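Below is one structure, written out as structure tokens, with a few remarks after it.
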Amino acid sequence: MLELLKNLASWLTSPAQWSGPEGIATRVLEHLEYSVLATLAAAVIALPIGLLIGHTGRGAFLAVNLSSFGRALPTVGLVTLVFLAGGLSVWPVYVSLVALAVPVIITNTYAGMAAVDPEVKDAAKGVGLRGRQILWQVELPLALPLIMTGVRLATVQVVATATIAAYVSFGGLGRYVFDGLAQRDLVQVLGGAALVAVLAVAADLALGGLTRLLFRGRPAAAR
Amino acid sequence: MTIEWGWFPDHADEMTRLTADHLATAVPAVLLGLLIALPLAVLAHRVRPLRGFVLGASNILYTIPSLAFFVLLLPITGLTRTTAIVGLTAYTLVVLVRNTVEGLDAVPVKAREASKAMGTKPLRTLLTVELPLALPVIMAGVRVATVMSISLVSVASYIGYGGLGQLFTDGFQRNYPTPVIAGVILTLLLALVADALLVTVQWLCTPWRRGTSRQRTSKLWKRA
Amino acid sequence: MIKFDAVSKRYPNGTTAVDDLSLDLPEGGVTVLVGSSGCGKTTTLRMVNRMVEPTSGTISVGGRDILEADAAELRRGIGYVIQQSGLFPHRTILDNIATVPLLLGWGRRKARARAAELLELVGLPTDAGKRYPHQLSGGQQQRVGVARALAADPPVLLMDEPFGAVDPVVRTQLQNELLRLQEELRKTVVFVTHDIDEAVRLGDRIAVFRTGGRLVQCAEPAELLARPADDFVADFLGAERGLKLLSLTTLAEVPYAPGQAIRADEPVDKISRDGARWRLVTSPRGEPLGWLDTDTLPSGGTAGEARLEAVRALRDTDSLLSALNEAVSSPAAAVARVTADGILTGLTSRDAIHERAGRSHAEAGRAAATKETAPDAPATKNATLRKTAPTAERPA
């Protein structure tokens, strides 16, 4: 075990391992590219849907159960399926990652909207705000903390799952995991895994910091 | 992409076997997860300083790619089902611990105080008042953990215990989509059935909540 | 100002919230809608600003059918205060109050200035404006709720159990504050409560609803208390409705006799033992300090140093009910009357108060009877505690 950790440390710190087209730096960037693009695409799809469901109250059942469905969808199966259907392209990666993230964001967005105090919405309507004004000026700001939680959760899941890109012969940190498996190189597998975990935690912390920045000055009770 | 419907009846036995195999990994994982998560969560709920540590640690477990986790366990538990189960258990922890802590947090102070005031000992209060009242939130966690585990079992196909996930590897290697589709559909079905079962269990376990939540929600929407 | 004409509200599930309501609310008065829960009072209120749409009938505000106006525009012209205040938790107090002026396009600076003005009007310190709602107490939040409703100076104010969630002491303060504001602003206020005491205290008129959304009686508080339309109203008003009626009559018309008071600095050995046993001791300025028992005078010192029984001096604006209370507890069987500044003017005996209380009851009953037979005759109204009087009256 100690030997393994020693080897892992030298694998992670060797300069040769970090440079070049197959170096860690490149893999991290590739991994980030898949993750960021997939999360952004998922947010673009999921946010309007979640906000609409939350604002109108229609489709709440869908919003609540969608996340269950999303979790039930086996990512490996999905990526294999899209790969077999569409051939060698980066699409299977994005389709699976977006499919993973969309339900999480929709569910949390809806939950945030549903958690807005009905008295506050009633008052907003009562003083003469129109539907859209209630959405933008009252519901969205109050739901934003939970929406951000959803985006954070989705990001962590996407970063951790983006390893599947390597499964269908693309890059990212998953390369080390799959190559290591093929070559029976445990150190490489663990190195890749550790890097993914660090990246996921870093992404989570970065988004957490962004959230705090967004709600700077706002009292804790309204967060 | 074509689906060969004839494949399904020809492989009914295999699908049944793989489904059973799937459950044999997923179910123990959730149960083991609960066994670890409940005491951990009670501890994190009671001892405030531990809370951040426990929740943070279970969060980090969640960020490790599932495949790597199985590999990491290989030197310890080898190519066995135990590896698959322990790996999945680690993933269930994040949800189970967090939901149990939140559930306990949400127990009305008055209920806890009332129990204490009647002279109930802390452990008894925990078992007869706090846990039952926290049950809906805990069960929500169990549902998520179960569905997640069922979906993640397929990753363990690399070590030979993937259950329905074997169908993905099979289809991938032979460039043959039908078993992959079958695997995806069966996994989904299994997850949804398990979820429905858990909802029923929860409904049976919490008679005091029946017929309230929906009314409350609809009232909420009428006002909004 | 607000007119309900055969208004009904039925829900698809068959329940009737409001049943064939016709009611005319005069301009500048406080109309309180009371009744037990589920009687349609809140629905009635919420129909005025179209938070609830009536199933049939018409409602007009200021002579205009509300269904003709755009709902949001209509609401901006009507102040709306709800229980728990419904403040926006993510906006500062000042921004909360400025909501409607901003919606009306006043411009940020003007809206803020107006908000600051209102903050003062409702009795909150200027620095509260920069805070967030949850940093304020429940009573303060409710004041902000009133300020927000008043921001665009709407002629009509709808208040849905606004003081229902605060403790009794704060509630009384808020009620007084509302009466003070109303004297200044003279809005047409519709106020919903299930608390009959609050209704009697605030209302120029009280409309009693019963389950099923039927209006049973709408009358001035004194008339309602003196002549409830039926057993339901009488039950709702409670066993103390006679006393409640006394709370509406002031002491102003009750005569007093010049009392012989003893100054606090008078030595006790100078006090004559003749006359009444209990004598009122006042400060050198003339403020009542307490009752002195001349049977148990100490051997030395001044009157102010002797043991005194507590006195609660009453002003002309105090109610007959509080006078009755003081008369019952006073050892001298009399109440001390003072000017607005608290200087003794004289004493009124317990008997005089009892007599006035009985007469007040009979008068209220007679006044109500007169109005029933001659609806257009000007009502002979008691001097009431109310600071605003309805400008027009119509029978219910």
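Data overview
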item: Relative packing of C:33-43, C:262-272, which averages over residues the other C-beta atoms within 10 Å, highest first; result: C:33-43, C:262-272
item: Residues A:Arg130 and A:Ser169, FRET efficiency given R0 of 45 Å [Cβ-Cβ distance, rounded to 0.05]; result: 0.30
item: Sparsely packed trypsin sites (Lys or Arg not before Pro) within the stretch A:145-186, loop by DSSP, other Cβ within 10 Å at most 14; result: A:Arg184
item: Peptide C:143-151 - average C-beta neighbours from other chains (10 Å radius); result: 1
item: Amide proton proximity set for C:Val81, modelled H, under 5 Å, gap of 5+; result: C:Leu158, C:Met159, C:Asp160
item: Highest-MSF residue in chain B out of B:Ser149, B:Ser115, B:Ser58 [GNM, Cα springs under 10 Å]; result: B:Ser115
item: Share of alpha-carbon pairs per 10 Å distance bin for the protein assembly as shown, given as whole %; result: 2, 10, 16, 16, 14, 13, 11, 7, 5, 4, 2, 0, 0
item: Alpha-carbon Rg with Dmax, taken over the stretch C:2-238, Å; result: 17.7, 55
item: Theoretical gain in end-to-end length, C:Glu184 to C:Glu253 [0.36 nm per residue, Cα-Cα removed]; result: 22.3 nm
item: Charge dipole magnitude, Cβ of K and R +1, D and E -1 - chain B, Cα centre, debye nearest 20; result: 1620 debye
item: Normalised contact order of the stretch C:1-89, rounded percent, pairs of Cα under 8 Å and 6 or more residues apart; result: 31 percent
item: Spin-label model distance (nm) - A:Leu37 vs C:Leu104, 7 Å beyond Cα toward Cβ; result: 5.3 nm
item: Candidate aspartates and glutamates - alpha carbon under 13 Å from C:Lys9, same-chain residues fewer than 8 apart omitted; result: C:Asp19, C:Asp20, C:Glu53
item: Computed helical MRE - 222 nm, chain C, DSSP H runs ≥ 4 contributing -39500 (n - 2.57), nearest 500; result: -9500 deg cm²/dmol
item: Rounded FRET efficiency, nearest 0.05, which uses the C-beta distance separating B:Glu4 from A:Asp185 and R0 of 35 Å; result: 0.40
item: Overall dimensions of the stretch B:9-125 as given by Cα atoms, namely Rg and Dmax in Å; result: 18.9, 65
item: Relative contact order %, the stretch B:36-174, counting alpha carbon pairs below 8 Å whose residues are six or more apart; result: 26 percent
item: Per-residue average of Cβ from other chains inside 10 Å of C:82-95; result: 5
item: Burial ranking of peptide ranges C:341-351, B:85-95, C:16-26 (average Cβ count within 10 Å, highest at the top); result: B:85-95, C:16-26, C:341-351
item: For the protein assembly as shown, share of DSSP beta bridges that run antiparallel, in % to the nearest 5; result: 60 percent
item: Top of A:Gly180, A:Gly128, A:Gly50 by mean-square fluctuation, Gaussian network on chain A, Cα under 10 Å; result: A:Gly128
item: Sequence-distant residues sharing a close amide H with C:Asp20 (under 5 Å, placed H); result: C:Ser8, C:Lys9
item: Length added when fully stretched, C:Asp24-C:Tyr11, from 0.36 nm per residue minus Cα-Cα; result: 2.3 nm
item: Percent RCO, i.e. relative contact order, over chain A, from Cα pairs under 8 Å lying at least 6 residues apart; result: 24 percent
item: Mean projected area (nm²) of the alpha-carbon convex hull when the stretch A:29-222 is viewed from all directions; result: 12.3 nm²
item: Cβ-based charge dipole, the protein assembly as shown, positive-most Cα from C:Leu150, A:Phe170, A:Thr13; result: A:Thr13
item: Compactness of the stretch C:257-353 - radius of gyration and Dmax, Cα, Å; result: 12.9, 39
item: Hz values of 3J(HN,Hα) by residue in the stretch C:359-365 - Karplus curve (6.51, -1.76, 1.60), Gly and Pro given as x; result: 5, 4, 4, 4, 4, 4, x
item: Calculated from backbone phi, Karplus (6.51, -1.76, 1.60) coupling profile of the stretch A:60-73 in Hz, x at Gly/Pro; result: 4, 4, 4, 4, 5, 8, 4, 5, 4, 4, x, 5, 6, 5
item: Sparse-neighbour loop sites [trypsin sites (Lys or Arg not before Pro); the stretch A:1-96; at most 12 other C-beta within 10 Å; DSSP]; result: A:Arg58
item: Selected from B:Gly78, B:Val142, B:Leu192, residue furthest toward positive end of dipole (the stretch B:7-223; charges at beta carbon); result: B:Val142
item: Rounded to whole Hz, the Karplus (6.51, -1.76, 1.60) HN-Hα couplings of the stretch C:298-314, x for glycine and proline; result: x, 6, x, x, 9, 4, x, 8, 6, 6, 10, 7, 4, 10, 10, 6, 10
item: Distant-in-sequence amide H partners of C:Arg315 (H built 1.01 Å from N, under 5 Å); result: C:Val338
item: Test item: C:68-76 mean partner chain Cβ contacts at 10 Å; result: 3
item: On Cα atoms only, tilt of A:2-13 relative to the major axis of chain A in degrees; result: 80 degrees
item: Degrees separating the helix B:48-63 axis from the principal Cα axis of chain B, which is the longest one; result: 10 degrees
item: Antiparallel %, DSSP beta bridges [both residues in the stretch C:2-238], to 5; result: 50 percent
item: Shape of the stretch B:69-224, Cα gyration tensor, a/c cut at 1.5; result: oblate
item: Cα long-axis angle, helix C:138-150 against chain C (0 to 90 degrees, to the nearest 10); result: 60 degrees
item: Of all DSSP beta bridges in chain C, antiparallel share, percent nearest 5; result: 60 percent
item: GNM result for chain B, Cα springs below 10 Å: residue of B:Leu123, B:Leu186, B:Leu40 fluctuating most strongly; result: B:Leu123
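Just so you know, all these numbers are worked out from the coordinates, no wet-lab data involved. The model shown is predicted, which means the values in this text are computed figures rather than measured ones. Counting neighbours? That spans all protein chains shown, and the Cβs are built from the backbone with ideal geometry, glycine included.
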